[in-house]
Amino acid sequence: MTHTIAVEDADISFTCEDGETILVAAERAGYTMPYSCRKGVCASCEGFLSKGDVKQRSKEIAGPSGKVLFCRATAKSDLTIRPRRIQRHDPSARKKIQARVFRMSRPADDVAILQLRFPASIRAKFKAGQYLRIRTPDGDERSFSMANPPQESDGVQLHIRHVPGGAFSEKVLASLRLDDKLEVEVPFGDFHLREEDQARYVFVATGTGFAPLKSMLDDMIRRRLNREVRFYWGGRREADLYLAETCEKWAKRYPWFTFIPVLSEADASWKGRRGLVHAAVLEDLTDLSGRHVYACGNPMMIEAARNEFQTRGGLPNDHFYADAFIPSGSADTEPAPVLQATG
Ligand SMILES: Cc1cc2nc3c(=O)[nH]c(=O)nc-3n(C[C@H](O)[C@H](O)[C@H](O)COP(=O)(O)OP(=O)(O)OC[C@H]3O[C@@H](n4cnc5c(N)ncnc54)[C@H](O)[C@@H]3O)c2cc1C
Ligand code: FES
């Protein structure tokens, strides 16, 4: 059965088919709302249900309620909703592409860099910071962020951390050969630079959380967008910062870019910063009220950064943007949200 979804205080309405989530219905109608994991874990898509009934996994929720995850909720009646943001987007920009394995390298024991090329004449339009979904042989999907800038639209570069037992990062990657084909769907995500802010940026990553930030930095370099960026990259050991040399080179060449590597389990030879990466930000910048923070990687780091940057550093809630690298496999249990909605 089809239901109509109206957006409060906006001249927007669209239809939602049976079993379709509100987020997918909005996208099909040409709108985008905030989201990240699309798995009901990160709470980026959380919004207000003013009127009507939805089903969210096994739970029935009746409006008014502020706890609806639009990536999981399906309509049980006509609805009125209030997402944190809704704007037009072009549904045809998202494409399924048979990509070819072009190059693979291993900059660290547990990180692979995978370069995929699209067939000639096919280009993917994406914003620096967005991610794609790769189809696995069992029909499931995994999310990985593009590390290349959008100007390189004939393929993608992915930074993939090895997850023990991981269906993709262990099993599929181990058997991949050059020229093998992988089906990808691109782009997804709301994690991209808000340039209109004229901001001084703080970028924070753990491990392969560097990937989308690298895309943003590469994009800024190409477009000569010389805004101040302080990039804090955290890991346990030096090897976790697998492209530190690139960052050091950028720091020498571009006066607007500062690179601060931070290790939590460094050996005695490490001369740099020690501790947790979000704590290093607060040591350096006690007042974050005029900054815009982009954080990516470990969900626990992101949760701690969001809470402490706001409570101790005075960072406004809507100046914090994040993509938490939560598992993107199909296990659709009912986990507690690990994050509050991001700005
Ligand atoms: C928006 C988004 C963007 C992402 N971008 C990247 C990226 O650029 N690079 C990258 O390396 N990862 C990224 N991730 C995380 C990645 O999608 C998952 O780690 C993915 O599940 C790995 O797939 P897999 O098949 O190897 O492991 P799976 O088969 O999915 O997982 C195997 C086991 O490991 C656990 N597990 C999986 N991933 C993690 C994790 N990250 N932390 C802790 N336990 C885990 C699972 O719960 C499961 O028990 C992103 C996630 C999201 C939501
Ligand atoms: S996008 Fe809905 S919970 Fe993450």
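The values are calculated or read from the model by the stated rules, or taken from the named source; none is laboratory data. Bear in mind that the values here come from a model prediction, so they are computed numbers and not experimental data. Here the Cβ is made from the backbone with ideal geometry for all residues, glycine too, and neighbour counts use every protein chain on show. Protein only, heavy atoms only, side chains kept; ligands, DNA and RNA dropped before computing areas. Shrake-Rupley method; radii C 1.70, N 1.55, O 1.52, S 1.80 Å.
Counting only DSSP beta bridges with both residues in the chain, tell me the antiparallel percent, nearest 5.
65
Pairs of alpha-carbon atoms within less than 8 angstrom and 6+ residues apart define the contacts here; what relative contact order does segment 49-93 have, in percent?
Normalised by residue count, the contact order of segment 49-93 is 42 percent.
When you take every Cα atom in the chain, what is the radius of gyration, and what is Dmax, the widest Cα pair distance, in Å?
20.2, 65
Listed highest first by mean packing, meaning other Cβ atoms within 10 Å per residue, what order do 90-99, 278-287 come in?
In decreasing order of mean packing, 90-99, 278-287 become 278-287, 90-99.
Enter the accessible area of residue 267 (Å², nearest 10), with the probe set to 1.4 Å and all protein chains included.
About 100 Å², ignoring ligands and nucleic acids.
Ordering 116, 225 by accessible area with a probe of 1.4 Å, largest first, what comes out?
These residues rank, largest area first, as 225, 116.
Pop out the carbon and sulfur fraction of the accessible area of the chain as a percent, whole number, probe 1.4 Å.
48
Rank-order 131-142, 199-210 by packing density, defined as the average count of other C-beta atoms within 10 Å over each peptide's residues, highest first.
199-210, 131-142
For segment 186-343, just say rounded, prolate or oblate: build the C-alpha gyration tensor, square-root its eigenvalues into a ≥ b ≥ c, call rounded for a/c under 1.5, and beyond that prolate if a/b exceeds b/c, oblate if not.
Rounded shape, in that the Cα axes give a/c under 1.5.
Which of the trypsin sites (Lys or Arg not before Pro) found in segment 266-319 are loop residues per DSSP with 10 or fewer other Cβ atoms within 10 Å of their Cβ?
271
Taking only protein heavy atoms and a 1.4 Å probe, what accessible area per residue, in Å², does segment 112-230 have with all protein chains in place?
Solvent-accessible surface per residue comes out at 40 Å².
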